[in-house]
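The values are calculated or read from the model by the stated rules, or taken from the named source; none is laboratory data. Just so you know, these numbers come straight off a predicted model, no measurement behind them. Glycine gets a Cβ as well: all are built from the backbone with ideal geometry, and neighbour counts include every protein chain shown.
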Amino acid sequence: MATALVNGGGVAALCCAKLLGDKAWEVTLNVPPHRPSPTLVLHPLTVHLLDRVFGRAGELLRGAHRLKRRRVSWGGAPPEVVALDCVVIRGDALTARLLAALEGDAGRFDGGPAGDGAREAKDSGLNESRYDWAVHAGGRVTAALGGAGPVMPRRFGERRALVSPARLRKGTDERASWMESTPAGWLFLTPLGGGRAVLQAVVPDPQASPEGAISGLLRSAKSIGSLVSDVTGPAEVFDCAPRLLESPSGARWIATGRPACAYDPLCGDGTGYSVRGAILTAAVLDAVARGAERARHLEYYRDRLAHAFYGHLRACHSFYSAGGFDETWLPEINATADGLRRLGRSLASRGPLRYGLRGLELVAL
């Protein structure tokens, strides 16, 4: 039986643990201490993928707020309405439910349910050499089993997301989210129901005062500024610049989720990327465990992540170039353009992808 230590407590780690367990792997899940988690907006495809992995999307998303449309005002253009049926849920609520679902899969995890596996891993001092593979889905990535130092991703900017709870003015459409650019940054307003909302501001200066930056953007926002009656709490600060681990695997380790590639929240569906990344990771590892050529499959994994990330950078460059931002955003836009050129040259030298996913399994193209 193949064995894996899955490090992380987010969506990517929990999905990867579930998928490997379903493939008859012995899995130990090492969940780190709790960290703040932003509110997630899940697209229909992401909900479908979660249901595909766990088979219980209705239970996982119970009580979540539903959105029916998104209003976008970008680069000073009039608001555009896009029909979009999304689900809003706190990230820590979703991961708690995913973990509870794993704990119900008795016998699939080292030492019993996932919770026991997590405690066993911590008590043993994370002795990764006991496992065939270490899956890094949270925190720093170690270069090899046994911990030979961190592997650092390449960054494409320094921007930060500032996230605060807010109250909506009476009469605001609570089935619509709002996205708006201003010269100094952009805002995303997500209603939660009952007049509550989450306000996210993205700014280029990592040293900016969170509350001051949010207030400034609200004053400049023609649409969102009129919808928010009050910012009701301190801002949480999240690093949101795109990052790519250019070598996301080694002899007996592999990175997935945010440690492998982190996406700008401009994409609007980072959770979907995490689920898809976990599906790909589990499929590649299981193919190798069943005798497929290791080097070729790990090269495919690297290239598939790079192709997806390249498409994301293209979208970022297009939207940020058209956002009407001031000169403080030039380093961010230039970093994205430099990344596109560099990654484009690298992908052009690698040739076409050799494999693809059919459902949850990897097949040759």
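Structural remarks
- Among (1) closer than 22 Å to Leu340 by Cβ; (2) surrounded by fewer than 19 Cβ atoms within 10 Å (Cβ to Cβ); (3) of a type in the set (A, V, I, L, M, F, W, C) - the single one Val231 does not satisfy: (1)
- Members of segment 60-80 found to be in contact (Cβ under 8 Å) with a residue 40 or more places away in the chain and more than 21 Å from the chain's Cα centre (by Cα), listed by number: Lys68, Arg69, Arg71, Val72, Ser73, Trp74, Gly75, Gly76, Pro79
- Residue among Arg62, Arg66, Arg52, Arg71 that alone is surrounded by fewer than 24 Cβ atoms within 10 Å (Cβ to Cβ), over 23 Å from Ala134 (Cβ atoms) and in contact with a Pro (Cβ under 6 Å, 6 or more places away or on another chain): Arg71
- Hits in segment 229-242 - residues which are touching a helix residue (DSSP H, G or I) at 6+ places or on another chain (Cβ under 9 Å) and not in a loop (DSSP other than H, G, I, E, B): Val231, Glu236, Val237, Phe238
- Exactly one residue among Leu280, Leu266, Leu227 is assigned by TED's automatic domain parsing to the domain that holds Lys18, under 17 Å from Trp186 (Cα atoms) and not hydroxyl-bearing (Ser, Thr, Tyr), and that residue is Leu266.
- From Gly157, Gly138, residue being of a type outside the set (S, T, N, Q), crowded, with 20+ Cβ neighbours inside 10 Å, within 30 Å of Leu199 (Cβ to Cβ) and modelled with pLDDT under 90: Gly138
- Criterion: more than 17 Å from the chain's Cα centre (by Cα) and assigned by TED's automatic domain parsing to the domain that holds Asn7 - qualifying residue of His307, His317: His317
- Among the residues making up segment 243-297, those that are of a type in the set (A, V, I, L, M), part of a helix (DSSP H, G or I) and touching a residue at least 24 places away in the same chain (Cβ under 8 Å) are Leu266, Val275, Ala278, Ile279, Leu280, Ala282, Ala283, Val284, Leu285, Ala287, Ala289.
The rows are residues; the columns are (1) hydrophobic (A, V, I, L, M, F, W, C); (2) surrounded by 24 or more Cβ atoms within 10 Å (Cβ to Cβ); (3) free of Cβ contacts under 8 Å to residues at least 24 places away in the same chain.
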| site | (1), (2), (3) |
| --- | --- |
| Arg167 | no, no, no |
| Ala176 | yes, no, no |
| Pro183 | no, no, no |
| Leu187 | yes, yes, no |
| Ala197 | yes, yes, no |
| Ala201 | yes, yes, no |
| Gln207 | no, no, yes |
| Arg219 | no, no, yes |
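- Segment 10-59 - residue that is within 14 Å of the chain's Cα centre (by Cα) and in a strand (DSSP E or B) and, of those, farthest from Thr281 (Cα to Cα): Thr39
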